[in-house]
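What follows is a short report on a single structure.
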Amino acid sequence: MLFYLRRVNDAFARAGSWLATFGRRARHTLGRRLILVPLLCIISVLLYSGYVTQWKLFVIFDQGEMKVHGTYTRDYEAVLAEAGINLQSVDKASIPKGQISGIAAEIKLIRTAEVTVTLDGVTVPVTTLGGTVAEALQKAGYVPGSYDIIEPSPNTPVEDGMAIAVTRIEIRTVYEHFDIPFETIEQDSQYVNFGVSVTTVEGEDGRRTVEYEVVLQDGKEILKKELSDEIVKEAVAEVIVTGTGGTVKLKDGTNKRYTKRIDVICTAYTTERQVNKYNAIGNVARVGTIAVDPKYIPLRTNVYVTSRNGSWHYGEARTEDTGGKIKENIIDLYFDTWNECIQFGRRSGYLYILE
């Protein structure tokens, strides 16, 4: 602005000097004072319009810096050259080439910037003529995502050598399906022959669906949050019935129906040398009564005891007694004499629970 005022003052000073000389001559030539004043005013206006207004003030903005330059030149390239600004062929000014009318003008320079853009794991160079990070990304073919993180921020003006990075953030809803294995229920049945297994209900796996919210960063999972867990199909338990019943052939050759067969360990006892002859339910101990674990085989149950291979038979019996060492499948068979007990010893066998 000071430069502008100085040029105007210089112009008026030159005009004043010329007018003074002209006035002195006019007084001698015309001799009339009244004509001099209007003539001087007209000449001043003409001088100002023709000389002073040819000078122009330019305000130049270049990468955030402002420079003021006054000149009589109208071509913007010449103006920039006078102002000491080198405009490369790939740079851009915001005014057209040619003559610029008016007293003052503004020139905005846009410089070329070489930046790098890292997108989807790939870094590419991008040449951009000014603008913002968002515009550079557009030139790199960036398709915006809803949750992407852009550094620097999209509205940041680009600078030469700037590194621009896009971190892709994606949020997905994912469903995962899981089988629910069916359980197997085993049941005994006296109405099925011993050793025979029958599947009465076929098992079916259930189905469980879990809903997750998954956050991906550049395609890699960084967070997984469970939203719901729903059983869409209940599992069906498989039921297997194992037969415990059947027909046993007694030592007299007759057959008898039983409801359950149990593998047992047989021992022998007697009351021959004892004073107390009574068993646990108050009856006199005798051949045909045995001692059992009542938690395993109920008392007062009719049974048949024999060997596993048919080599010996104790025969039909009734569970009436118990014993301290008689646990679970260990049973004690009653004999009349101690010698018989010694002869029997300890043997394995089958116990059939008769109907």
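Here are some notes:
- Scanning the stretch 233-285 for residues that are open to solvent by 60 Å² or more (accessible area, probe 1.4 Å) and in contact with a Lys or Arg (Cβ under 7 Å, 6 or more places away or on another chain) yields a total of 4.
- Verdict on G195 being closer than 30 Å to L129 by Cβ and modelled with pLDDT under 95: no
- Scanning the stretch 145-192 for residues that are open to solvent by 80 Å² or more (accessible area, probe 1.4 Å) and farther than 30 Å from E211 by Cβ gives E151, N155, P157, E159, D160, E186, Q187, D188, Y191.
- When residues in the stretch 108-126 are screened for being more than 20 Å from K220 (Cβ to Cβ), open to solvent by less than 80 Å² (accessible area, probe 1.4 Å) and at pLDDT below 90, 5 of them pass.
- Any hit, the stretch 82-95, residues being open to solvent by 70 Å² or more (accessible area, probe 1.4 Å), at pLDDT 90 or above and part of a loop (DSSP other than H, G, I, E, B): no
- The residues listed here are Y142, Y212; of these, the one that is open to solvent by less than 40 Å² (accessible area, probe 1.4 Å), among the aromatic types (F, W, Y) and at pLDDT 95 or above is Y212.
- Apart from one condition, Q99 fits all of (1) at pLDDT 80 or above; (2) in a loop (DSSP other than H, G, I, E, B); (3) not hydrophobic (A, V, I, L, M, F, W, C); the exception is (1).
- Inter-residue pairs, beta-carbon under 9 Å, first more than 12 Å from I164 (Cβ to Cβ) and charged (D, E, K, R) and in the stretch 109-123, second open to solvent by 60 Å² or more (accessible area, probe 1.4 Å) and in a strand (DSSP E or B), 6+ apart: R111/K92; R111/L129
- Within the stretch 239-287, considering residues that are among the small types (G, A, S) and out of contact with any strand residue (DSSP E or B) (no Cβ under 6 Å at 6 or more places or on another chain), the one nearest to I353 (Cα to Cα): G253
Yes or no, residue by residue, for (1) of a type in the set (V, I, T); (2) touching a residue at least 60 places away in the same chain (Cβ under 8 Å):
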| site | (1), (2) |
| --- | --- |
| T270 | yes, yes |
| V284 | yes, no |
| G288 | no, no |
| K295 | no, no |
| V305 | yes, no |
| F344 | no, yes |
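The values are calculated or read from the model by the stated rules, or taken from the named source; none is laboratory data. Since the model is a prediction, treat every value here as computed from it, not as a measurement. Counting neighbours? That spans all protein chains shown, and the Cβs are built from the backbone with ideal geometry, glycine included. Side chains included, ligands, DNA and RNA excluded: accessible areas come from the protein's heavy atoms. Shrake-Rupley method; radii C 1.70, N 1.55, O 1.52, S 1.80 Å.
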